[in-house]
Structure formats: C-alpha cells, structure tokens
Amino acid sequence: MQSYRQVVAGLAVAMLTALGAQAQTRTLTGALRDSASSAPLQVGSVTVRGTALGANVRANGQFTITNVPAGNVTLIARSLGYKRREVDVPAGVTNVTIALERDVLRIDQVVVTGQATSIERRSAPNAVATVDAAELAVVPTVSVEQQLVGKVAGADIQQNSGAPGGGMQVRLRGVTSVNADAQPLYVVDGTIMSDIAIPSNQNVVTQAAGGSNPALTQDAQVNRIADLNPNDIESIEILKGASASAIYGGRASNGVVIITTKRGRSGIPTVTFRQRLGFAQVSNKLGSRRFKTTAEVDAAFGAGTAARINWQPGQFYDNESFLTDGTHPQRETFLTASGGSEATQYFASAQIQDEDGVVINTLARREALRLNLDQRFGSKFITNLSTNVLHTKAGRGLTNNDNTSTSLWLALSFTPSIIDLRQKPDGTFPENPFTASNPVQTATLMKNSEDVYRIISSYKGTLTPLTSSTQSVRITGLGAADFFTQKNGLFFPPELQFEDDDGQVGTSLLSNSNNLNLNFDLNAVHAWTPGSYSATTSAGLQFVRRNLDIARIVSRNLVGGQQNVDAGTTISVLENRQKVNNLGVFAQEEFQTLGDRLLVTFGVRADQSSLNADSKKLYVFPKAAASYRLDNIWRFDDLKLRGAFGASGNEPLYGQRFTPLTANINIGGLPGLVVAGTTGSKDLKPERQVELEGGVDGTLWSGRANIEASIYQKTITDLLLTRELAPSSGFNQEIFNGGEMQTKGVELAVGVVPIQTSTLNWIFRTTYSTNSSKITELPVPAFNTGGFGTALGVFRIEKGQSTTQIVGTDTTSTGEVLVRKIGEANPDFRMSFSNDVSWHRLSARALVEWQKGGGILNLTKLLSDFGQVTKDYADPIPGSTQTVGERRLAGFGKEASTYLEDGSYVKVREISLSYDLPQSLTSGIWGGIRSARFSVSGRNLLRWTDYTGLDPEVSNFGNQAIARNIDVAPYPPSRAFFFSFDITF
Amino acid sequence: MRATLTASALISALVFSACANLDITDLNNPGLEQLEGSPTASALNTAASGILIGARGGMSGSVGYVSELGILGREVFYLSSDDPRFVTELLIGPLEGGNGAFGGNHWAARYTSIRNTNIVLNAVEKVSGLTTQQKEGIRGFAKTMQALDLLLIINTRDTFGAAIDVNTDPTAEPGPIVPKAQVFARIVTLLDEARTHLQNAGATFSFGLSSGFAGFDTPATFVRFNRALRARVAVYLGDFATANTALQQSFLDVAASLTLGVYHPYSTGAGDVTNGSFDPTGRALRGHPSFVANAQRKADGSPDNRTTKNEKASNVLTVQGLSSDQLVTVYNSASAPIPIIRNEELILLRAETQLGLSNIAAAIADINVIRTRAGGLAPYAGAQTATAVLDEIVYNRRYSLYFEGHRWIDLRRLNRLASLPRDAATHKVFTAFPFPADECLARTPQPSSGCSPVTGQ
C-alpha cells in the first residue's frame, strides 16, 4: 500500500515541477505531402525536435504548432507508412511544406515500449515485430493468428488441425513453460482479451481422455482469439519475450500481442465495401489400401469376409472422399464507414464471413460489428471508445483421438476400402462391420455446434493537462471488458451405429460457458525535454479480474431421439468455476540523449495475484534496456546496437494451490467425500522468466534495405512442476515451483526493395528464426509429458536434454529394448519469403513459409496399420516375406521411431493478384466511387512435405506448452481460393 | 491541474484499497484441511460414505480390476481397435511399472481409497458430536474397507509385497514395502480389530451405506461381511481352521440366493458412475473362446448353465490375430453391480476349507450345491481324491466367479498358472504386476524386486 502512495506522490511532484517559464515564441503552420504524388497526407504528426511540442495533421494535410521557439528549430514529420523526415526551419519562417517518402520497409514505424509509451522503431531497444493492415486480410482467414503466419520472425504459429473456425497456437521465441499456460497475452485496444480454449465436451462420446492420457484437451477446441475480425485490425505489435514484455508483468512470459483496431479520421466520410466469394477443397487425403483379391481380404479380416460383404475384386470405395469431396463455398462481406470532424471521429464496420468446412457438416461463420468512436473535449482531453459485438459459430465435426472408434478419421483407420459406407437410397446407412461406427453416417447425422456471443469494449480517457516546450504530462484511464458466452451443443442421434454401444441410445451434450475479463488501467506519463536529452517517466496500475463458469449437461438414452437434454433418461451435470484477481503496478523511465542516439530505459512491475498461494505477496519484474545509433557506417545509413534485459511471470493455473476433496460423485445417490489425488504446494508462485536480448538493426542503400538481427536467451526458473508422489500415499502428485529451463534463439528479418520506380515496385522480405530449449535444472526425476506412453513415443522432461525431445522404445544392436531419445519436435529453423510486386495498377503478392525439421508422431498411421488399411500396407519389401505395413507393425513396442516422421514443409501460404480499376472507368459507372479493386487470392494453395500424415501442422492435444506434433485422426487440411472486389466511396 | 492530480491519486488509492485482498477460495471443491483439522460430524459421516466411492474406483471399465485380471486370467479379451495395448501389454508383455492404465492403476486407486479410510480414521479421533458407539462403527467400517483394499493390492503384487504404513505426510518418504506375509498379517489384524469395533458399535451406523450393502448395513450384519472377507483371506493363507470359524460367522447360507452378498453398485443417476464393464454389443470386450469350450456338460448334453455368462455375438471380432464371437453378459446393464463377495464364493470357500481340513465328503457336498444350483450339472461323480476334488473346486470357481476378478488369483495361489492357454506364440502368462514407476522412484533405495518390468512365462 505504502509503495502505491509513493508512486502517486512521486507522479504529482513530477508534474508540479513541470510548470516552466515561457520564452518568446511563434506559430508554425504547414502541410505534409506524399513525395511521389504530392497528395496531402491525411494522417501524420509534426514535432519540434528537442521539445515536447507538436501537432497532428488535419484532414487536408495541414498542421499548426503554437509556442514554437523563435530561433532555428528542427521539425520531425511522421506519417504512418512514410519515412520520418527532419526539416530545419530557420528563424522567422512560419510556413513549411514537407514531402514524405513511402516507407515500404517500415523503418520509421512507432513501436510500444510500455503500457503507455512508444518509441520510433529506429530507437527501439527490442526487436518488436509489427504487422499492419496492408499485410493483414490479404487472403481471408477466420482466425487472426493465421494472418500472422510467416510474417513475424520468431513466431511459431501453427494450426492444431484443419478444422474450420480456428484452433491455433502462437509460440513466441520457443518453449517458455512445461505445465503452465503457453499462449501469449492478447491486448486489444487496451482490453486484455481472453484466449482460453473451452473444450466442446465431445470427450463424452470419444472417451479420448478415458484411455492412457487423461488430458481433457482432445476436443479440437478453438482458442477464442479466433473471434476477432482480422479486417478490423490496423496493426499488431508483438513483444516476443520478457525483455520487451516485462511491464505487462505476471502473465507476460509467453509474450504479448498488442492489437490496435482501425479508427476514424476527420475528413470526408469514407465507405468501403468488400465482397469475397471463394471455395475450399481438401488439400490432402490419406488414401487407403487397395485390395486385389478375395484371398487378400480374407487373410486380413478373417475367412469369408469378402463373401459376407459381397465384395468383388476391383471394387474400391474411397470412404475418405465421401467425407470430404467437392468444393465448399466461402464468402465474406465487409463494410466500413469512417470519418468525422476535428472533435469527433468514428469507424464502424460490419462483417459476415461464412466458411464451409471440407468435411460434411462442418462450417465456421462470423458476424461482427464494431464501432470505434473518438471524441475530443477541448485541447486537453480525449476519449476513445472501442466496441465490438461478435457472433461466431462453428461446426467442427468429430475428429482427433478417441477410444470408442467414433472419431471420423479414427474410424477410417479401421475401415478397409472394400465397403461402401455411403447413404443407401432408402436413406439408411450401411452398418460398418469393421469398427464401431460408420464415419460417413456419423458426419452426416451428428451435430457439433459452437456458438459464441461476445462483447469486447474499452473506454479510454486521456488527459493532457500540460504541454509546454519542455514538458508534457499525459494521464490515461481505461476500463475494459471482454465478455463471452459459449454454447456447445452436440447431438448424436440414436440412428448412429455406435449409439447402442453403451446400451443408452442417443447422446446429447450441452455446455454453456461464460467468461468475463475485466481490466482497469491507470497510467501517467511525463515527458521532459529540456534540450540535450529527453526523459519520459511513466507509472501506473492495472487491475485484472477473470471469471469463468462452465456448466455442462450430458444426456443419454434420448427418448424419441430428441436433442433437448431433458429428453434423456440418464442425465449428468458438471460445473466448473474459476475466478482470478490480479493487481499490478509499474513505473518506467526512458532516457534519450546524444541527439536521440542513445536510449536507456529501465522499469519495474510488481504483481499480486489470487492464483499464487500467498495472494498478498508482490512479485517484482524489473527490466532495463539500451540502444545506440550510428550513422553512415560502411554501407549502412543507420546502424543500431541494442540490448535488453527483462523479467516476467507465468501464473499458476486456477486451482493448483488447493488440496481439494472431490464432492461431485455419489454412490447410488449417497454423497461422499474422497481425496482427489493432487495436493497443492503451500508456497505456489508464478514461473519467472528472465530474458536477455541483443541485436543489430540497420538500414542500407538509402533506405532500400533493412536488416534486423536478434539473439536472445530466456531463463525460466520456478517452473510449475508436478512432483509425482509415491502412489501408496494416496495422492498422485504435488504441484510446486522448481527447476530451470533455458531457451536460446536467433532471429533475422531482412527487407529489400530491389526495384522502386514510379510504375514498378518490388519489395522482398525474408525472416529466419531458430531456437532451442534445454532443461538445465530439474528437482524431480525425468518425467513424460503428453503422448500416450513410451511405446508410441512421448515427450520427456529430463535434465540436460532438449525440452522438446521425444523418447520412445528403441532396440539396441544387441536386441535389447529400452526407452531412449528418438527425436526432436522443435524444428531446426523456420524461414519465410514474401514478395510484393506492383506494376502500374496491377499488384501481386506471395508468401512462402518453410519449416525444416521437427518430428511428428504419426499415430494415425499406426492405427491404420493396425486396421491393415494404410495405403502402402500391402506393398512388398524386396527380399522379405513381410509387407511394408507388417514390417512397421513388427517393430511395435520395440521401435517407437517407426511412426516418428520428419515434419519439414514448404507451404505457399498466401498468393494474391489484384487490379485497381482506373478512376476513369469507375467514375464512368458512378462518380461516387473513389477507388475499386478486383483480386484473386488463395491460401495454402501449394505445399511440399515428406510427411505422410494429413498435415504436418497438427496437435491432437490442442495448444500445448510442449506436447504438440502428435497426430491422431485430425481434421484434414484445406486450400482456399477467393475472388474479391473492394470499392471505396 | 491539482484537482486532476488529487482525483487520480484518489482513484488509484480507491482501486487499490478495494482490491488489496485478492484472495479467492476454491470455488469447485471442499478442502482437505478442514476435514483434517477440525472435522464436523456431518463431514466425517460424508467422508465415511466416501470410502465406498473410493473402494469402487478402478473396479469397472476396460482398464478396471475386473477387466484386466480377466484378461490376465484368460477369461476375456479386450479387442480394442483404438488401443492395442490390451493385447500387447497384458497378453504379450512385459508388464510395465510405468504405465498407469495397465497395472499402476490397481495400485494407485487402492491406495487412494486407503487414504480415504485413514483420513476418516484420523478424523474420528478428533470429531465431536458422535457417540462412542458411532465412532466404533466408523472405525469397524473403515478398517474392514482398508483391509479389502490391501487385499486387492497384494492380489496384484503378490510376492513383491506392498506398503502398509501409509498414514503419513504424502510429500514425505513413503512407508516401506513389506513382504507379502506381513501384508496379509496386517489385513488379518485390520479385519479382526474391525470386528471388535463393530461388536461395540450399537445397533446402527451414523453414516449411510450404499445399496450394495443392503442387508449388511448395520454393525451386526456388516460384521458378517467382515467375516466373509476374513474367510477368503484365511483360505488364501491356507489357514483352514480360521477359515472354517470365519465362514460360520459369515453370511454363508446354502439355502439362500447364490447372489446374496456385498456389491459395488453403479447407476446412471446424475453424479454417479456407470459400470464400464458393460459392453452390450461386444465392441471390444469379448469372452475367451475357452470359457464355453471347456465347460462341463449337463445330463442332456448341453453345456454348464454358467456358460450363459457369455452369449454368441452377431459378428466375430478379430484384433491382432485374436478372435472371439462371445459377448460377455456378466454385467448386463450400465447399473449392474460388481460383487465384492457373495454367497456362491463363500460356499466354494467352504468346500476348499473342508478339503483343506481333509473332509472330502463335506467338500463334495458344497461343490454339489454349486454344481446343481449354478451349473445345472449332475452331482460330482469324479475321483474322491484331494487332487481331483481341488480340480473340481477350481473348475467351479472359474465358472461361478467368471469375470469377477478371481481366476488369475486362484490359479496363482494354487500354482496352476501354467494351465492358462496362450493364444499365440508370443503370449505370456504373468504372475504379478510390478510396482508403479513413481512408487519405485520415490524410494531410496528402490525396492529390490518389483521395480523392473515383469516378463511372463
């Protein structure tokens, strides 16, 4: 308490000393123009160097700065998408016109440095990645993370399966935890947006968690950042590690993704309309073994099988195609209106996006509305309202692991191509005699729908009580809420083949989840620019509350096959509630001197959280960073050396601090209390990450090329670990803090403009990143995480070994079977290449991503080998009596590496070609059209991989700190083509 | 300016002071601390009832005690196309200590249950609001249930032994592993102490018992269940004199229903657990073909009535070279209870006891009760030798107690495991599960046996 008072008091002193004397001044006016077209720039700012003076340009490109010192001054002009320019203004001049050059390599962007501060990229002490609107939504996706794939060095962004509607993992700079949350913190216009993934509860039917891995994350769940409309986004800034994200404190160790949405500008109202139509196709299928003779069929499935099912040689039923074939329509309509006056600006948007999945009965749909409103009250106070109302709907089918042979691709793994599973003319489906379900019937008749209604809103007020030539004070208050309700309705009608397996015909599942995130931020920034240096002091506090309530109903034995959960005779219910309170305070100092060449910054954040065993204890996360710029070194116009250090945390998960008794089981209606198996540590605290980052950034050849190279090391201590207790104690495990993990890596981003003429422009960008992670200290014996046991390959956390190593049974040359390392899930490196070429009115863009290495456990293949239906199962091996499939199976239990495959791939992520219609043509149609564009685009059109499963981007267990890359009957990948036109009025 | 500052300072102070106490308790579960620290009578009674939930844990389902012991004892197959390990681990092996679903569970679930009984036994010494008799009732009940759990533990670990002193801090060094004989000695002690407690427990229990204890839900009747367990333990130990006494004090009754006994109940009710060993379509659970093939014939040439515990399925299920067309109908609904001990076993225990006491005629008389009532067979007409009669007892135990978790144990204690069929050249018969890997890792030094994979014969 004392410390907060001191912060506030200190702040007050700083601001009161700000009342400096006023010298002789003048008023400067002027305009910003595009250097190529001479068109006025509608956005931008002009500041007086060495002072806190400045102004934003108005809609006509004009600006006015008052109180400018009378002598020689230097103006710094900036505009989004343009290179910054410094212009000397001699004494006596009161009007200047400044022409700015386009900044295609984004050298002069402004990037965040804290909760309330930002700085020009050229001075930034961290490698903060920025992706802006021009690079987003070129090719539509439902989920926003997919828009970032290949655009950020050091970000590993992969989907968990091809299912429509999202489900993607973002890993920034490698592995950062073993058991804690693995997702970055998302901040959207100041709102801490929830990215939780709530399982659909399909596990009730698949029983995936009933087997040897009890993880309840095999439901192909969507992490909820997918709700956000990518078209609304103006820019995304990514703080990749603790050195940059420390000021976000106890939840920032997986990095922070700061999303800013589009806002209105004063001037002529603008309406844009975008219509896209497209289609998707399955881009890879597994195929199935082709049986040649009845003898082959009978040998595989028992004597008389061919005769019993009336199979004739030559018959081949591609049941996988019956699930996926055809083209699946995609459409998107997006409308925006923006504009405003000097005092009021608005941006409104509406979107409808509709994506048909490639599997029967699957889809993703979103309806989104946004209103962003900015209101200025006089010259000192401005408020920003951001509201977003969303509805997303997904039909995700039934995929991933199961233990009941109901998941579609799992059932296919046991269904030979000798039976036709399609619907019969009488409307019924054939019984699948080879496994428990007919996947074509399951996909056709079942429902798995997810409906999310969400409101995300923030209201920010910024007060600028003081602006003088030497100092300014800015106070920001923000209140934000993110509320959603998620309804999962799953229905398995009595007609399904597997529905009598439990003797209870028909299953209906209903889950309702409510999630509320609230945050209140209060920040104050004081900028002090006496001349030779500038110092920016900021301080603030942030209160965050999260509240989650999941209620689930399982209803079986449905009377009359009704979906309503009250129609079942066997009903069970479950409720899980979570509530979290966090409070953080921070203070930060930025100091810039030597003509803005040297930047030194340091700060500290302290957090308390109800998730820690002691909710009153403050955990302190410091940071410090410096950068120094050099001019005209060798071929560099500008070269910056930077180094940063920072600490951040990763909270325990809700419930980990408790030793619970289970009270929700009864025995024939008789209630009882039993121990739950887990005991919480009495001093549970957050994981702590300390990151060191160093780098060199430079621009070459008059801004025609830039390079950004970083090296980092993250040391994560106090890992949240589970200590396996002797089971004879009656408890399985204790959750405690301990151990140490180190993740190191290198990132490189290069941008080049090989051609830049008035008619032809070519921009080339490439990124490279690699990282590795090692367990350097482990106070518990090596333990397995993820996976299904050593016979199938598992991840093992072991001191001195890679965090992402895969171990499994293996046979030595002497024939001894033992468990040892068989592979590595972390790729060797990841690269991306993008080209933007524009020629006259035509522009083309292509983005290619390359991942080298990364092992995947292809358990789908193992299962289809057991089912004897793998495509190559019956291929002969020269000189052997075994077939390919028999050989693989013979190694089962002895050679887990048989099913470990290389996940290298090259994917053409985005391709687009667009044409801007000439003004003469559009105005011929209707004079109100300001511009019109026609494009064709595609996503994931091509890929090259040796991986024999459906797709090397796979994670049966969803988003995982470590145990991704496990392939068990996932949803297949797809490619999509779009035709679109954009009109601006 | 000053006003703004004051306002912002006030706001921050307000925000902070309103939230200084951020604490949030467990919203989903009651905590253990309260039950350990200051137990109330109602919490203790609920925890006592909870012992039955713990005791039922891990009994049913594909990886349950009944199912896996049935697979080891070649009573059933679990032919799962999703999970090959019901064959690769349980029939081919070796049995691994590291695997929670294939052996480790029969250790962990039982010790969790024992922890429940110990929590109750500790709390009963601190509780207020219960009479001395009520406390004795809780002690007698908890100790009987703990003995049952220990018996199931030593059943799966046999000569490797087990830990018996486990009422300790769970994060401290666990109690030592002691040899099989000491485990049985503890089981005997617990059952006999429990009997004394129950005899001083008055007319009723203070806590509720499940429907599986219908007829055994007062101290006076529960003690008969206690004695039935004591008889089983005595027979396992070859202590036939004690077995004879215990059987007389048990609920053995040749005139009563053979199904009279004590059960783990299941139901489809909300919050309850269903019997996972119910597989009406034979999706994976299949009878071992030898069950019907090896059955004795009735006078009319049809097989032993008890073979109706299997039914012919509409299809042959084949996985990894194993085939069966037999549905297992022992548990014929999701609410079917699993026996803990019942009259039919007691009669067979008495036959074995009489044989052990060299009363062959009395043994045959008991065998005939079962042969005629359960099997529909003619009375025993084989040789009157001890070996032949024991063969006949083993046969009847196999068919009477089919898929109730007995055959593998019986054949092991009678040194007949070699008689089990091996359905493929690679298949093995195992004598015991090893300890879970975590149990070994938590101990220094590790136990000398039971910590490496168990290869079969």
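A compact table of results
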item: Selection from region A:619-661 of residues that are touching a helix residue (DSSP H, G or I) at 6+ places or on another chain (Cβ under 8 Å), within 14 Å of chain B (Cβ to nearest Cβ) and surrounded by fewer than 23 Cβ atoms within 10 Å (Cβ to Cβ); result: A:619, A:659, A:660
item: Elements of type strands (runs of 3 or more DSSP E) in region B:256-345, at least 1 residues being within 11 Å of chain A (Cβ to nearest Cβ) and more than 22 Å from residue B:74 (Cβ to Cβ); result: B:261-264, B:310-319
item: Scope region B:207-250; condition surrounded by fewer than 21 Cβ atoms within 10 Å (Cβ to Cβ) and outside any helix (DSSP H, G or I); matching residues; result: B:208, B:214, B:215, B:217, B:218, B:238, B:239
item: Residue count, region B:80-118 (criterion: part of a loop (DSSP other than H, G, I, E, B) and either of a type in the set (Ser, Thr, Tyr) or in contact with a strand residue (DSSP E or B) (Cβ under 9 Å, 6 or more places away or on another chain) (or both)); result: 8
item: Members of region B:18-32 that are at the interface with another protein chain (Cβ under 7 Å from one of its Cβ atoms) and out of contact with any Asp or Glu (no Cβ under 8 Å at 6 or more places or on another chain); result: B:19, B:20, B:22, B:23, B:24, B:26, B:27, B:29, B:30, B:31, B:32
item: Output for region B:45-94, where each listed residue is of a type in the set (Asp, Glu) and away from every other protein chain (no Cβ under 11 Å); result: B:68, B:75
item: Subset of region A:660-716 (residues that are part of a strand (DSSP E or B), over 19 Å from residue A:730 (Cβ atoms) and either aliphatic (A, V, I, L, M) or over 35 Å from the mean Cα position of the chain (by Cα) (or both)); result: A:666, A:670, A:671, A:690, A:692, A:696, A:700, A:705, A:707, A:709, A:711, A:716
item: Which numbered condition residue A:617 misses (of (1) more than 29 Å from the chain's Cα centre (by Cα); (2) part of a strand (DSSP E or B)); result: (2)
item: Test for residue A:694: is it farther than 21 Å from residue B:105 by Cβ and more than 14 Å from chain B (Cβ to nearest Cβ); result: yes
item: Restricting region A:546-562 to residues that are surrounded by fewer than 18 Cβ atoms within 10 Å (Cβ to Cβ) and within 22 Å of residue A:445 (Cα to Cα), the residue that is nearest to the other protein chains (Cβ to nearest Cβ); result: A:559
item: Positions within region A:511-537 being in contact with a helix residue (DSSP H, G or I) (Cβ under 9 Å, 6 or more places away or on another chain) and either within 14 Å of chain B (Cβ to nearest Cβ) or not in a strand (DSSP E or B) (or both), in sequence order; result: A:520, A:522, A:524, A:526
item: For residue A:364: the one exception among (1) buried (at least 24 other Cβ atoms within 10 Å of the Cβ); (2) within 14 Å of chain B (Cβ to nearest Cβ); (3) among the small types (Gly, Ala, Ser); result: (2)
item: Any hit, region A:575-583, residues being more than 9 Å from every other protein chain (Cβ to nearest Cβ), within 34 Å of the chain's Cα centre (by Cα) and more than 30 Å from residue A:500 (Cβ to Cβ); result: no
item: Index of the failed condition, residue B:252 passing every other in (1) away from chain A (no Cβ under 14 Å); (2) of a type outside the set (Gly, Ala, Ser); (3) farther than 27 Å from residue A:668 by Cβ; result: (3)
item: In region A:903-944, the residues that are farther than 23 Å from residue A:982 by Cβ and surrounded by fewer than 17 Cβ atoms within 10 Å (Cβ to Cβ); result: A:906, A:942, A:944
item: The lone exception for residue A:782 - which of (1) out of contact with any Gly (no Cβ under 8 Å at 6 or more places or on another chain); (2) closer than 17 Å to residue B:100 by Cβ; (3) more than 14 Å from chain B (Cβ to nearest Cβ) it fails; result: (3)
item: Evaluation of residue A:234 against (1) surrounded by fewer than 24 Cβ atoms within 10 Å (Cβ to Cβ); (2) in a loop (DSSP other than H, G, I, E, B); (3) modelled with pLDDT of 90 or more; (4) of a type outside the set (Gly, Ala, Ser) (one fails), failing number; result: (2)
item: Qualifying position, being over 30 Å from residue A:853 (Cβ atoms), hydroxyl-bearing (Ser, Thr, Tyr) and without any contact (Cβ under 8 Å) to a residue 40 or more places away in the chain, among A:898, A:881; result: A:881
item: Test: residue in region B:35-54 that is surrounded by fewer than 24 Cβ atoms within 10 Å (Cβ to Cβ), under 21 Å from the mean Cα position of the chain (by Cα), not hydrophobic (A, V, I, L, M, F, W, C) and not in a helix (DSSP H, G or I); result: no
item: Matching residues, region A:667-693, being modelled with pLDDT of 85 or more and closer than 23 Å to residue A:650 by Cα; result: A:683, A:684, A:685, A:686, A:687, A:688, A:689, A:690, A:691, A:692, A:693
item: Region A:363-387, residues that are part of a loop (DSSP other than H, G, I, E, B) and either at pLDDT 95 or above or among the small types (Gly, Ala, Ser) (or both); result: A:378, A:379
item: Filter result (in a strand (DSSP E or B) and of a type in the set (A, V, I, L, M, F, W, C)) within region A:600-614; result: A:600, A:602, A:604, A:606
item: Any chance residue A:477 is within 12 Å of another protein chain (Cβ to nearest Cβ), of a type outside the set (Phe, Trp, Tyr), surrounded by fewer than 23 Cβ atoms within 10 Å (Cβ to Cβ) and in contact with an Asp or Glu (Cβ under 8 Å, 6 or more places away or on another chain); result: yes
item: Output for region B:171-216, where each listed residue is touching a helix residue (DSSP H, G or I) at 6+ places or on another chain (Cβ under 6 Å) and among the polar types (S, T, N, Q); result: B:200, B:206, B:210
item: Check on residue A:728, among the hydroxyl-bearing types (Ser, Thr, Tyr) and either within 21 Å of residue A:797 (Cα to Cα) or touching a residue at least 40 places away in the same chain (Cβ under 8 Å) (or both); result: no
item: Filter result (under 16 Å from residue A:716 (Cβ atoms) and not in a loop (DSSP other than H, G, I, E, B)) within region A:787-805; result: A:797, A:802
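Per-residue answers, yes or no, for (1) crowded, with 17+ Cβ neighbours inside 10 Å; (2) in a loop (DSSP other than H, G, I, E, B); (3) more than 13 Å from every other protein chain (Cβ to nearest Cβ):
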{"residue": "A:736", "(1), (2), (3)": "yes, no, no"}
{"residue": "A:739", "(1), (2), (3)": "yes, no, yes"}
{"residue": "A:754", "(1), (2), (3)": "no, no, yes"}
{"residue": "A:761", "(1), (2), (3)": "yes, no, yes"}
{"residue": "A:771", "(1), (2), (3)": "yes, no, yes"}
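The values are calculated or read from the model by the stated rules, or taken from the named source; none is laboratory data. The model shown is predicted, which means the values in this text are computed figures rather than measured ones. Methodologically, a virtual Cβ is constructed for each residue, glycine included, from the backbone with ideal geometry; neighbour enumeration extends over all protein chains shown.
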